[in-house]
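Let me begin by presenting the structure, written as structure tokens, before commenting on it.
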Amino acid sequence: MRRKLNPEDLQNNSEFELLAEVSHQKLREFVVEQIRAEKYIIRLYSAYQAIMMTLFVFLLTRSVIFAFKGHSEQITGMGLALLFSFSVLIVIHELLHALAYWLTGARKISFGVILKKFIFYALADRQVIAEKAFHIVALAPLVIVKATCLLVILKTESSVLFYFSLTVMCLHSLFCAGDMAMLAFYRIHRGKEIYNFDNRSEGKTYFYTRKNIES
């Protein structure tokens, strides 16, 4: 069984080399860079997001029409979902990242926020995260929120809760852009053995790769 790595193993060992150093203050710029550079994951995510936003616009238009006809279930559910999504759902999203970190063995988990850029993130301070674990962390909110919403949608019909869940599912697609960009980074460097760790005091995330040593 391979020993668990620590940041010093990556920084001070010639077996590894620095792949990227990302300032948390420049997370948005890093995300945009990955979106521009990678096509496969980003195209899939963009198609999914387009479907969700089209559905949202359809629901909103339909709810307004129904409200004028005296049926308020749709617009009430959507209104509550909007308030929930841009407050409580943000917290839930980051807690799901934290839970995934915990379940994959990371500790010293904390959270960061850059309000002026409306960026929220979870981090595991000085915990080296392998690629498979990072994929679990990145995908956890998307998968869990989507599955929960679908379960509620299938169990309810034409009620406030039905439209609430459908709207939350649509809006949550917007929250996953950063997670998909991180996965795009790994796809750009596919074939490499990548590890990363956060340094809270420095406000940075480091990505290292194991060098291919030719015999």
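Are any of the residues in segment 8-24 farther than 16 Å from ASP179 by Cβ, open to solvent by less than 70 Å² (accessible area, probe 1.4 Å), touching a residue at least 40 places away in the same chain (Cβ under 8 Å) and part of a helix (DSSP H, G or I)? Reasoning before the result, please.
Just the residues of segment 8-24 that are farther than 16 Å from ASP179 by Cβ, to begin with: 8-21, 23.
Checking which are open to solvent by less than 70 Å² (accessible area, probe 1.4 Å) leaves us with 9-10, 13, 15-16, 19-20, 23.
Going one step further and asking which of them are touching a residue at least 40 places away in the same chain (Cβ under 8 Å), we end up with 9-10, 15-16, 19-20, 23.
Still in the running and part of a helix (DSSP H, G or I): 9-10.
Checking segment 8-24: at least one residue is farther than 16 Å from ASP179 by Cβ, open to solvent by less than 70 Å² (accessible area, probe 1.4 Å), touching a residue at least 40 places away in the same chain (Cβ under 8 Å) and part of a helix (DSSP H, G or I).
When you check THR205 against the structure, is it part of a helix (DSSP H, G or I) and among the β-branched types (Val, Ile, Thr), yes or no?
No, not satisfied.
With modelled with pLDDT under 95, in a helix (DSSP H, G or I) and over 25 Å from LYS39 (Cβ atoms) as the only criterion, which of LEU166, LEU154 stands out?
LEU154
Going by the conditions given, is ILE35 closer than 21 Å to ALA138 by Cβ and open to solvent by 50 Å² or more (accessible area, probe 1.4 Å)?
Yes.
Does at least one position in segment 114-126 carry a residue that is part of a loop (DSSP other than H, G, I, E, B), closer than 24 Å to PHE197 by Cα, in contact with a strand residue (DSSP E or B) (Cβ under 8 Å, 6 or more places away or on another chain) and touching a residue at least 60 places away in the same chain (Cβ under 8 Å)?
Scanning segment 114-126 turns up at least one residue that is part of a loop (DSSP other than H, G, I, E, B), closer than 24 Å to PHE197 by Cα, in contact with a strand residue (DSSP E or B) (Cβ under 8 Å, 6 or more places away or on another chain) and touching a residue at least 60 places away in the same chain (Cβ under 8 Å).
Which of the residues that make up segment 184-200 are surrounded by fewer than 21 Cβ atoms within 10 Å (Cβ to Cβ) and touching a residue at least 12 places away in the same chain (Cβ under 8 Å)?
Selection gives TYR186, ARG187, ILE188, HIS189, LYS192, GLU193, ILE194, ASN199, ARG200.
Inspect segment 69-85 for any residue being under 20 Å from ASN196 (Cα atoms) and either buried (at least 18 other Cβ atoms within 10 Å of the Cβ) or over 23 Å from the mean Cα position of the chain (by Cα) (or both) and give the result as yes or no.
Looking only at segment 69-85, we keep the residues that are under 20 Å from ASN196 (Cα atoms), and these are none.
No, because not a single residue in segment 69-85 is under 20 Å from ASN196 (Cα atoms) and either buried (at least 18 other Cβ atoms within 10 Å of the Cβ) or over 23 Å from the mean Cα position of the chain (by Cα) (or both).
Against the condition part of a helix (DSSP H, G or I), open to solvent by 10 Å² or more (accessible area, probe 1.4 Å), among the aliphatic types (A, V, I, L, M) and modelled with pLDDT of 95 or more, how does LEU139 come out, does it pass? Walk me through how you get there before you give the answer.
On the way: part of a helix (DSSP H, G or I): yes; open to solvent by 10 Å² or more (accessible area, probe 1.4 Å): yes; among the aliphatic types (A, V, I, L, M): yes; modelled with pLDDT of 95 or more: yes.
It is true that LEU139 is part of a helix (DSSP H, G or I), open to solvent by 10 Å² or more (accessible area, probe 1.4 Å), among the aliphatic types (A, V, I, L, M) and modelled with pLDDT of 95 or more.
Residues checked against (1) in contact with a helix residue (DSSP H, G or I) (Cβ under 9 Å, 6 or more places away or on another chain); (2) over 30 Å from THR76 (Cβ atoms); (3) among the acidic types (Asp, Glu):
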| site | (1), (2), (3) |
| --- | --- |
| PHE134 | yes, yes, no |
| VAL145 | yes, no, no |
| LEU151 | yes, no, no |
| PHE164 | yes, no, no |
| HIS172 | yes, no, no |
| ARG190 | no, yes, no |
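Would you tally the residues in segment 44-68 being open to solvent by 60 Å² or more (accessible area, probe 1.4 Å), of a type in the set (Phe, Trp, Tyr) and closer than 22 Å to LEU139 by Cα?
Within segment 44-68, residues that are open to solvent by 60 Å² or more (accessible area, probe 1.4 Å), of a type in the set (Phe, Trp, Tyr) and closer than 22 Å to LEU139 by Cα number 0.
Specify the residue that is most open to solvent (accessible area, probe 1.4 Å); the eligible residues are those in segment 114-136 that are modelled with pLDDT under 95 and among the hydrophobic types (A, V, I, L, M, F, W, C).
The qualifying residue most open to solvent (accessible area, probe 1.4 Å) is LEU115.
Looking at ALA106, is it open to solvent by less than 50 Å² (accessible area, probe 1.4 Å) and either under 28 Å from THR205 (Cβ atoms) or touching a Pro at 6+ places or on another chain (Cβ under 7 Å) (or both)?
Answer is yes for this residue.
Looking only at segment 162-176, count how many residues are under 18 Å from the mean Cα position of the chain (by Cα) and open to solvent by 30 Å² or more (accessible area, probe 1.4 Å).
Residues flagged as under 18 Å from the mean Cα position of the chain (by Cα) and open to solvent by 30 Å² or more (accessible area, probe 1.4 Å) within segment 162-176 amount to 2.
The values are calculated or read from the model by the stated rules, or taken from the named source; none is laboratory data. Quick caveat: nothing in here was measured; it's all calculated off a predicted structure. Because the Cβ atoms are built from the backbone with ideal geometry, glycine has one as well, and the counts that use them run over all protein chains shown. Just the protein is used for accessible areas: all its heavy atoms, side chains included, with ligands, DNA and RNA removed. Shrake-Rupley method; radii C 1.70, N 1.55, O 1.52, S 1.80 Å.
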